[in-house]
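Structure first, commentary second.
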Amino acid sequence: MTNSSAPPVIASVVEGDGEIQAVPKLLHRIAGALGVWRISTPRPARVPRSQIVKAGGIENAVLKQAEFVRGHMGGVLVLLDADDDCPATLGPELLARAQQACSDIAVAVVLPSREYESWFLAAADSLAGVRDFPVSMTAPEQPDTKPRDAKGWLTHQRGKHRPYSPTADQAPLTSAMDLELARANSPSFDKFCRDVHYLMTGKRGA
């Protein structure tokens, strides 16, 4: 039985150390933007990409995180960099595997085109002047797909004296980025927001 009075629970699976701090911040920001003021975000499980994609990998990760969700509204979110894979191919394949393993809990799989940092590029105008980035910084064309190395792009913008670091920068930039700007410039971030809305409410849209 689901406790409808308790806040929704979104348990997540991520691949990077920086995302352990960044993803809960992003989930709470999106929840607030969608008018869902209380959600629970257990500490994300960090699972290397090589483990997630291999047989049994995403299945085991989702089943473990699903234990936080049972008895509550919510679901399990898997966030995995697309790198050079096609998100439109790998994403549905991983989602089907996760849903087959965990059919009683809502699951979403999101693959940022290239990498999580691509979403910062999509919202780069809103990050100008933040954390020593130049005040003239603007988003590149097609931030979801064109820059092969989003982390390198961020380092180039700030200068080699202070290279971009996921563990140091990912969470603060997640807190500072303009969500609507990122949605407008990044189809993969727009999908992320829509999937988070689905996990929180059980409804498609937003």
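What lysines does LYS151 reach when the alpha-carbon gap must be under 21 Å and sequence neighbours fewer than 8 apart in one chain are set aside?
Reachable lysines: LYS25, LYS160.
At what distance in nm do the modelled label points of THR145 and TRP37 sit from each other, each positioned 7 Å from its Cα along Cα→Cβ?
4.1
Using mean Cβ contacts within 10 Å as the protection proxy, how do 113-123, 93-103, 70-80, 23-33 order, highest first? Before the final figure, lay out each step's value.
Numbers: 113-123: 26.2, 93-103: 16.7, 70-80: 22.1, 23-33: 19.8.
Put in order of decreasing packing, that is 113-123, 70-80, 23-33, 93-103.
Just to check I understand the Karplus step: with θ = phi - 60° and J = 6.51 cos²θ - 1.76 cosθ + 1.60, what whole-Hz values come out for region 74-90, glycine and proline as x?
For region 74-90, the Karplus curve yields x, x, 10, 10, 10, 10, 9, 4, 6, 6, 9, 7, 7, x, 5, 9, 5 Hz.
Which lysines have a Cα lying under 19 Å from the Cα of LYS54, excluding residues fewer than 8 positions away in the same chain?
The qualifying lysines are LYS64.
Which shape class applies to region 118-176: rounded if a/c is under 1.5, otherwise prolate when a/b exceeds b/c and oblate if not, where a ≥ b ≥ c are the square roots of the Cα gyration tensor eigenvalues?
Numbers: a/c = 1.30, a/b = 1.23, b/c = 1.06.
Rounded, because the longest to shortest axis ratio a/c is under 1.5.
Order 193-200, 41-48 from most to least packed using the mean count of other Cβ atoms within 10 Å.
On the way: 193-200: 21.6, 41-48: 17.2.
Highest to lowest by the protection proxy: 193-200, 41-48.
When the helices in the chain are scored as -39500 (n - 2.57) per DSSP H run of 4 or longer and the sum is shared across all residues, what 222 nm value do you end up with, to the nearest 500 deg cm²/dmol? Before the final figure, lay out the partial values.
Details: 10 runs with 98 residues, N = 206.
Helices in the chain give a 222 nm mean residue ellipticity of -14000 deg cm²/dmol.
Relative to the longest principal axis of the C-alpha atoms of the chain, give the angle of the C-alpha long axis of helix 166-176, reported between 0 and 90° and rounded to the nearest 10°.
The angle comes out at about 90 degrees.
For helix 187-201, report the angle its Cα long axis makes with the longest principal axis of the Cα atoms of the chain; keep it between 0 and 90° and round to the nearest 10°.
In the chain, helix 187-201 runs at an angle near 30 degrees to the longest axis.
Give the angle, between 0 and 90 degrees and rounded to the nearest 10, that separates the Cα long axis of helix 57-66 from the longest principal axis of the Cα atoms of the chain.
With rounding to tens, the tilt is 70 degrees.
Give me the distance in nm between label points sitting 7 Å out from Cα along the Cα-to-Cβ direction at ASP132 and ARG46, one decimal.
Each label point is offset 7 Å from its Cα along the Cβ direction, giving 2.2 nm.
By its C-alpha gyration tensor, with a ≥ b ≥ c as the square roots of the eigenvalues, how is region 1-144 shaped: rounded for a/c under 1.5, else prolate for a/b larger than b/c, else oblate?
Details: a/c = 2.33, a/b = 1.36, b/c = 1.72.
Verdict is oblate for region 1-144.
Values quoted throughout were computed directly from the atomic coordinates according to the rules given, and no laboratory measurement underlies them. Just so you know, these numbers come straight off a predicted model, no measurement behind them. With ideal geometry, Cβ positions are generated from the backbone for all residues, glycine too; neighbour counts draw on all protein chains shown.
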